[in-house]
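We did not get these values from a lab; they are worked out from the coordinates using the rules stated. None of these values were measured; they are calculated from a predicted model. Every residue, glycine among them, receives a Cβ derived from its backbone with ideal geometry; neighbour counts consider all protein chains shown.
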Amino acid sequence: MQGALEDFFRALRAADVKVSPVEAIDAHLTVAKVGFSDRELFKDALCATLAKTADEVVRFDATFDTFFARDQVSFTPPPPSGQDGGDPMDGLPPEAAESDLARMLLEGDAASIAQAMEEAAERAQVSQIRLSTQRSRLTRRLLEEMGLAQIEAIINAARKLEGGGDAADRLEAGKRKLAEEAQRYVARQHELYASGSGKMLREEMLARKALNAEGGIDPVDQAMMQALVKKMAKRLADRYSRRRNRAKRGHMDIRRTLRKSMPYGGMPFEVIWKTEKIDKPSIVCICDVSKSVAAAAQFLLTFLYSLNEVVDRMEAYAFSGRLISVNNILDDEHVDGAIFEVLKRIGFQQTDYGKSLEDFCENHLDHVDRHTTVIFLGDGRSNYADPRLDLMATIQKRARSVIWLNPEPESYWSQGDSVMYRYERFCHVAKTCNTLGQLERIIEDVLRTYVPH
Amino acid sequence: MTLSTTAAIKAAPTDVLSSVDALIAGLASVGYIASKRIATALYMAIHLQKPILVEGSAGVGKTELALSTAALLGQPLIRMQCYEGLDESKALYEWKYGKQLLYTQILKDRMGAALSDAADMDAAMDRLHGIGDLFFSEPFLEPRPLMKALKEDDGCVLLIDEIDKSDEAFEAFLLEVLSAYQVSIPELGVIKAKTPPLVFLTSNNVRDLGDALKRRCLHLHIPLPDAALERRIVASRVPDIEATLTAELVGFVQSLRTLDLRKSPSISETVDWARALILLNADSLDVEVVRDTLNVLLKFEPDINAVEPQIGELLRRPAA
């Protein structure tokens, strides 16, 4: 049973249910306690020890059902054409008597065959399957381990024997059936152990894919990207939601303690400890959605949307020629609708950084104070218009920190109409950010350093 | 739950814990209708001596499960409500500062007399060290819920309610308590529970809990119940209700849950509604009654506005 449980853990891990060694030990203790005669009890008990979130419970249920499904296989062999009740091995060459598998096939002993297959699968290491292309090879290996060569030899020998054709046909049919069964078995193993790794591979590729590359993100991957971005934003929000007022244990606040001691005739009965106030930072996010960043705009807006979902004090703006506040759109609409709406209102026009900064400073500068982190998402290409560095300086002076995330690589920053290098002087951090992986790292680094603690 | 049932169960708690089915029956006797999965998780928690983390939306009976278990086992329930800013001085222990200050005052007054006949400074210091130091000692310790739970020698049920509302630092601090059933107090050393308490943690998923905490707990997710289970729960919580009314109101609530609402009504709302209907002497549902009592079921104005025009249609729908 231990081996089966270990395999089950591996299947669970493949399905993205985390099973740590401690949980594995718990599971063994659980099985020792409840036994495995009552399937439902066994399942519920394991579920309680192994699955730790509602999502994981769903995946656990699915994996459990696939893993412990042993649908009864029926091997009904064609009856021997001769007299009824005769030995099904009649008409086979003498070496057949030594082959258990041949007997099982001809007698239609499904239970024994299933067991033999499990044993052979262990020898053939079928559960190590990773890719769907390994399926046929492993099926072959599994059949060989079960003794396929021997069966084939018997069939050939039987054909040469006089009157052995009928028995050979029956065995042939059994062999075909067995091959089908082996194929199904391997397919199920693949589903159990490897279906998750394919998804992981795709996620990994997606995280590394340049978001402003030709064609942007594949529509197929859109949903996956949104999930990844959301996860990232959630992590960021967790950091934000932390307590902002930490008690400093062991440091007495003398002033307040003395004041409190007045009613007790100066006896300091109530001791007040110092606390450390941590101010709640706010974020102002300004996102470029003009033509030059068209490919990355989707991605930038997705990030903006997720950020808005999880951060309480967040002001979002989008611009290309002019700048508008998009808070309401992000609040009211679903993610796809919101992105579409923003792009419809303001997207894909001629960029004008100077004009947009002017709009921002005229109407929204109140939102920037010494607790604010200003994040710019854009390529810094101003179409040779005045970049209005003076306004940028104003923002920098007022804000706690200014972060610029640019989808273009650094070597492009001074080429053509890019004024990135000139803006960079006013940023605390300016970084290239054109893949999900980079974005994640930047969120980790930048916000750890620049979100005030 | 009456006192007599509690006492009767206390006499034979081992029977209740002998199997999952016995546990279901036992919980039913104290008024908690548990599904098989709930009972199995509880059964494993008791036998593996592990804390159990209960998740589910508000009002599905997470806290109630802990209360009922305490009643079933005949053990005291110690409850700790978590909130942002909760720290160990409120959860574990606190020194009685006032008394400690008084103690030093007394000490100062008595010190002169006690040390007056010492020959020199060294002798005085020797004698001073000889006097028992009570400043950091148990009598000056003010136990808070966690400490109380560890000090219950006959075991108890510890309910840590809404752990997701607490801070990450507090969550980390809980790890020692949950895995080893002990706490370290720097001045006194390690305090270990003689009988590990049965710990329930509840969470509404306001934030994700850390893996370390989850790993130490068994996990139980209580979903909204199906119609049959909900009928039984209503019947057990509101004994005077007619079976037909129960079926009707549960059917209505179940169909409400299929709508897209901000907050779907959960079990506690169903039970409250059933009680309200009894008070109003309603013996069947009609549009008028439902409209008047809808605010018991739905807690958001937009939800009520959305449901109100559909009441007639929802009532005509056959009960699932």
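Axis angle, to the nearest 10 degrees, between helix B:36-48 and the longest C-alpha principal axis of chain B: 20 degrees. Relative to the dominant Cα principal axis of chain B, helix B:62-73 is inclined by about 70°. Looking at chain B, the DSSP beta bridges with both ends there are about 30 percent antiparallel.
Between A:Met252 and A:His28, the modelled labels are 5.4 nm apart [label points 7 Å from Cα along Cα→Cβ].
Remark on A:Ala430: its backbone amide H falls under 5 Å from those of A:Trp404, a criterion applied only to residues 5 or more positions apart or on other chains, H modelled at 1.01 Å from N.
Toward the positive end of the charge dipole of the protein assembly as shown, with +1 on the Cβ of Lys and Arg and -1 on the Cβ of Asp and Glu, the farthest Cα among B:Leu92, B:Gly56, B:Ala25 is that of B:Leu92. Based on C-alpha pairs under 8 angstrom that are at least 6 apart in sequence, region A:282-450 has a relative contact order of 21 percent. Taking amide hydrogens as placed 1.01 Å from N in the peptide plane, the amide H of A:Thr275 sits under 5 Å from those of A:Lys248, each at least 5 positions away in sequence or on another chain.
With the alpha-carbon atoms of region A:337-453 aligned to their principal axes, the span from lowest to highest coordinate is 38, 35, 33 Å, starting with the largest. If a paramagnetic tag sat 7 Å from the Cα of B:Lys108 along the Cα-Cβ line, which residues of region B:126-151 would have the backbone N under 18 Å from that point? Counting only backbone N, you get B:134-136.
Per-residue 3J(HN,Hα) values for region A:426-436, derived from phi via the Karplus relation 6.51 cos²θ - 1.76 cosθ + 1.60 with θ = phi - 60°, read 9, 9, 6, 9, 9, 9, 6, 8, 10, 10, 4 Hz in sequence order (x marks Gly and Pro).
Under a GNM of chain B (C-alpha, springs under 10 Å), which listed residue has the highest mean-square fluctuation: B:Gln105, B:Gln81, B:Gln182? Residue with maximal mean-square fluctuation among B:Gln105, B:Gln81, B:Gln182: B:Gln105. Considering only B:Ile222, B:Ile106, B:Ile131, the Gaussian network model of chain B with Cα springs below 10 Å gives its largest mean-square fluctuation to B:Ile131. The Cα atoms of region A:94-207 give a gyration tensor whose axes a ≥ b ≥ c have a/c of 1.5 or more with a/b greater than b/c, which makes the shape prolate.
Going from the alpha-carbon gyration tensor of the protein assembly as shown, what semi-axes, largest first and in whole Å, does one get by taking the root of 5 times each eigenvalue?
Here the semi-axes work out to 56, 45, 32 Å.
Taking label points 7 Å from Cα along the Cα-to-Cβ direction, A:Asp109 and A:Met262 give a separation of 9.6 nm.
Remark: spin-label model distance B:Ala172-B:Leu229 equals 3.7 nm, labels positioned 7 Å along the Cα→Cβ axis.
Using the rule -39500 (n - 2.57) for each DSSP H run of four or more residues, divided by the residues of chain B, the 222 nm mean residue ellipticity is -15500 deg cm²/dmol.
Proximity of backbone amide H atoms, modeled 1.01 Å from N, is registered between B:Leu159 and B:Ile78, B:Arg79, B:Met80, B:Phe200 at under 5 Å, excluding neighbours fewer than 5 places apart on the same chain. Per-residue 3J(HN,Hα) values for region A:146-159, derived from phi via the Karplus relation 6.51 cos²θ - 1.76 cosθ + 1.60 with θ = phi - 60°, read 7, x, 5, 4, 5, 4, 4, 4, 5, 4, 4, 5, 5, 5 Hz in sequence order (x marks Gly and Pro). Applying 1/(1 + (r/R0)^6) with R0 = 41 Å to the Cβ-Cβ distance of A:Ser414 and A:His364, what FRET efficiency is obtained, to the nearest 0.05? In this case the efficiency is close to 0.90.
Each of A:His251, B:Ser166, B:Leu229 was placed along the dipole of the protein assembly as shown (beta-carbon charges, centred on the mean Cα), and the one lying farthest toward the positive end is A:His251. If both residues of a DSSP beta bridge must be in the protein assembly as shown, then about 30% of such bridges are antiparallel. Could you derive backbone 3J(HN,Hα) for region A:297-305 from the dihedral phi with the Karplus parameters 6.51, -1.76 and 1.60 (θ = phi - 60°), listing whole Hz in sequence and x where the residue is Gly or Pro? Values per residue, Gly and Pro as x: 4, 3, 5, 4, 5, 4, 4, 4, 5 Hz. To the nearest 10 degrees, how steep is helix B:243-257 against the longest Cα principal axis of chain B, on a 0 to 90 scale? That works out to roughly 80 degrees.
The mean number of partner chain beta-carbon atoms within 10 angstrom of a residue's beta-carbon across peptide A:267-273 is 3. Between the residues B:Gln182, B:Val296, B:Ala276, the greatest Cα displacement towards the positive end of the dipole of the protein assembly as shown, with unit charges on the Cβ of Lys, Arg, Asp and Glu, is found for B:Gln182. Annotation: average projected area of region B:247-320 is 4.3 square nanometres, based on the convex hull of Cα atoms across all directions.
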